[in-house]
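Asker: Got a structure for you, written out below as structure tokens; questions coming shortly.
The values are calculated or read from the model by the stated rules, or taken from the named source; none is laboratory data. The shown structure was predicted, so the numbers you read here are calculated from the model rather than taken from an experiment. Glycine gets a Cβ as well: all are built from the backbone with ideal geometry, and neighbour counts include every protein chain shown. We work out accessible area using only protein heavy atoms, side chains counted, and drop any ligands, DNA or RNA first. Shrake-Rupley method; radii C 1.70, N 1.55, O 1.52, S 1.80 Å.
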Amino acid sequence: MHAAQDPWIPTDERPTHTMELMEIWQTALALVKEQVAPQVFDMWLKPLRLGRERGDGRLEILAANDFSAVYIRDHYGNLLESALSTTAGRLCAIQFIVDPNPPEPAAATASPEPVARPSAPARSGVDGRYTFENFVVGSCNQFAHAAAARVADAPATAYNPLYIQGGVGLGKTHLLHAIGNALLRARPDGKTLYITSEKFMTQLVESLRFKQVHNFKENFRSVDVLLIDDIQFIAGKKATQEEFFHTFNALQEANKQIVLSSDSFPGEIEHLEERLRSRFSQGLVVDIHPPDLETRMAILKKKAAQEGMDLQDDVAFFLAEAIQTNVRELEGALIRVFLLASLEKEPVTMALVKESLRGTMRRNEPRQISMEKIIETVAAYYKIRPLDIRSDKRARRYSHPRQVAMFLCKQLTKYSYPDIAFEFGNRNHTTVLYAVDKIASQQQVDGDLEQVVTTLTAMLRK
Ligand code: ADP
Ligand code: MG
């Protein structure tokens, strides 16, 4: 089969490596995989990518964001280094950096690139991990679930297209794959295809480049069920919309099922051609809402059971209360809890859960805390005046609270080092850098300081 015709050949070219390096990386990852829990591997290590080899001989390892870069460095840096060194037969030092050129966003929910793709039926693009059986139904998603189940049961008879709308991390992709899995099971001979609209676009572009448009059209128009994820991304892409319009019509005329997902309703997608908008609304449009507390708890329980872990009600309740944004975040939090429990060889207790949440809460914090408020709070805590914090006084009873306050400004606000330096009596920003680093590392070893930082953070967030 030609590359342009096969939808599952990765289209984004990563930085080129000598085969040797890439092999070392993949072998090392396989080694690491044997040494950590599967959920740990999937969550943290599998998404890593190999970057370039630096001038100083260190290998750059690319992480999705700075939170993961730091987390993985601290928890798995040594493990990775020794796996790489063992594999390479020489000392391999690594440096974690944030991926400057991350894979297309949709890929983050499916299978990350570096290791072999999961054993899902490759041609269909359907990911075997997401099924109706492991989808928790609540009032937030019951209509979407019912419609999806109906489509899987009797494609192209009821709702066509089925359009699933919902915010990020609420289960749209999961439902699309669930339909796919149910169909693959019930009708192994039928042709079901799952694809993100971005992949649809890149494949179209490839097919144009390699003069394989005919194959491209053929591939998409010969399916029985087409599951297109994140359709909003075709907005503004003229050629893609044009091609998709024809695909859509061809499938409908042939009485084939189309299922679409999007973060917006058809009427809300800007720069979407009118004719597509009206077609998207022709069948059934269902939306998914953020899960309520009860559903969040049920999801946690289900995920825990899936991982073979025990989750007490109080812990599930606490997590479900703490994380209300979306299911992906909820899942991430649960995995971190299990991870911490396995690292510390401790049971999943409330204390452990609180500990593991500390890193995440920051990202869920919508409210902007002012630097002034931070300075006031820290000053009050240490029983000095805000003026003293902003001053040049060098005595430790001033300099230490000042450094704590700088650290908190960096942690709790979006201000840059120079901004913070300015607020603290117009200092040089390297002073702030130094302070932030110092407090960050000190609190790792100094339990009292850690407690102070936790308390102050909690006070500021109230
Ligand atoms: P979306 O595509 O809407 O951004 P996903 O389908 O990728 O969200 O869901 C994010 C994560 O949350 C996935 O791991 C998915 O399995 C899980 N998830 C979402 N909703 C549910 C649910 N109702 N029951 C179980 N897991 C869910
Ligand atoms: Mg999705």
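Asker: Residues to consider are Val453, Val432, Val378, Val404; find the one that is hydrophobic (A, V, I, L, M, F, W, C), part of a helix (DSSP H, G or I) and either at pLDDT below 90 or under 29 Å from the mean Cα position of the chain (by Cα) (or both). So that I can check it myself, show each step before the final result.
Answerer: Numbers: Val432 fails: either at pLDDT below 90 or under 29 Å from the mean Cα position of the chain (by Cα) (or both); Val378 fails: either at pLDDT below 90 or under 29 Å from the mean Cα position of the chain (by Cα) (or both); Val404 fails: either at pLDDT below 90 or under 29 Å from the mean Cα position of the chain (by Cα) (or both).
The match here is Val453.
Asker: Are any of the residues in the range 12-19 part of a helix (DSSP H, G or I), more than 19 Å from the chain's Cα centre (by Cα) and modelled with pLDDT under 85?
Answerer: In the first step, residues of the range 12-19 are kept if they are part of a helix (DSSP H, G or I); the result is 19.
Still in the running and more than 19 Å from the chain's Cα centre (by Cα): 19.
Among the residues that remain, those that are also modelled with pLDDT under 85 are: 19.
Looking through the range 12-19, at least one residue is part of a helix (DSSP H, G or I), more than 19 Å from the chain's Cα centre (by Cα) and modelled with pLDDT under 85.
Asker: Follow-up. Which is farther than 25 Å from Ser68 by Cα and surrounded by fewer than 18 Cβ atoms within 10 Å (Cβ to Cβ), of Gln324, Gln282, Gln306?
Answerer: Details: Gln324 fails: farther than 25 Å from Ser68 by Cα; Gln306 fails: farther than 25 Å from Ser68 by Cα.
Just a single option satisfies the conditions, and that option is Gln282.
Asker: Restricting attention to the range 82-110, and to residues there that are closer than 28 Å to Lys199 by Cβ and among the polar types (S, T, N, Q), which single residue is modelled with the highest pLDDT?
Answerer: Asn101
Asker: Considering the range 140-155 alone, what residues qualify as being outside any helix (DSSP H, G or I), crowded, with 17+ Cβ neighbours inside 10 Å and more than 14 Å from ligand 1 (Cβ to nearest atom)? Lay out the reasoning, then the answer.
Answerer: First, the residues of the range 140-155 that are outside any helix (DSSP H, G or I): 140-141, 154-155.
With crowded, with 17+ Cβ neighbours inside 10 Å added as a condition, the list becomes 140-141, 155.
Result: Pro155, single match.
Asker: Hey, any hits in the range 443-460 for a residue that's in contact (Cβ under 8 Å) with a residue 12 or more places away in the chain, in contact with a helix residue (DSSP H, G or I) (Cβ under 9 Å, 6 or more places away or on another chain) and open to solvent by 60 Å² or more (accessible area, probe 1.4 Å)?
Answerer: Within the range 443-460 (the criterion being in contact (Cβ under 8 Å) with a residue 12 or more places away in the chain, in contact with a helix residue (DSSP H, G or I) (Cβ under 9 Å, 6 or more places away or on another chain) and open to solvent by 60 Å² or more (accessible area, probe 1.4 Å)), the answer is yes, since at least one residue qualifies.
Asker: Further, regarding this structure: Val327 - would you say it is more than 12 Å from ligand 1 (Cβ to nearest atom) and farther than 14 Å from Val40 by Cα?
Answerer: On the way: more than 12 Å from ligand 1 (Cβ to nearest atom): no; farther than 14 Å from Val40 by Cα: yes.
The answer is no for Val327.
Asker: Starting from residues that are buried (at least 19 other Cβ atoms within 10 Å of the Cβ) and not in a strand (DSSP E or B), keep the ones in the range 47-67 and report whichever is modelled with the lowest pLDDT.
Answerer: Looking only at the range 47-67, we keep the residues that are buried (at least 19 other Cβ atoms within 10 Å of the Cβ), and these are 47-51, 59, 61-63.
Pick out the ones that are also not in a strand (DSSP E or B) and you get 47-48.
Details: Pro47: 90, Leu48: 93.
The residue in question is Pro47.
Asker: Right, something else. Look through Ile195, Ile231, Ile164 and report the one residue that is within 24 Å of His271 (Cα to Cα), in contact with a Gly (Cβ under 6 Å, 6 or more places away or on another chain) and of a type in the set (Val, Ile, Thr). Can you show your working first?
Answerer: Details: Ile231 fails: in contact with a Gly (Cβ under 6 Å, 6 or more places away or on another chain); Ile164 fails: in contact with a Gly (Cβ under 6 Å, 6 or more places away or on another chain).
The conditions single out Ile195.
Asker: Which of the following residues is more than 21 Å from Gly283 (Cβ to Cβ), within 16 Å of ligand 1 (Cβ to nearest atom) and of a type in the set (Val, Ile, Thr): Val168, Val205?
Answerer: Working: Val205 fails: within 16 Å of ligand 1 (Cβ to nearest atom).
Just one listed residue meets the conditions, Val168.
Asker: Condition check: over 30 Å from Gln241 (Cα atoms) and open to solvent by 50 Å² or more (accessible area, probe 1.4 Å). Does Ala341 satisfy that?
Answerer: Values: over 30 Å from Gln241 (Cα atoms): yes; open to solvent by 50 Å² or more (accessible area, probe 1.4 Å): no.
For Ala341, the condition - over 30 Å from Gln241 (Cα atoms) and open to solvent by 50 Å² or more (accessible area, probe 1.4 Å) - is not met.
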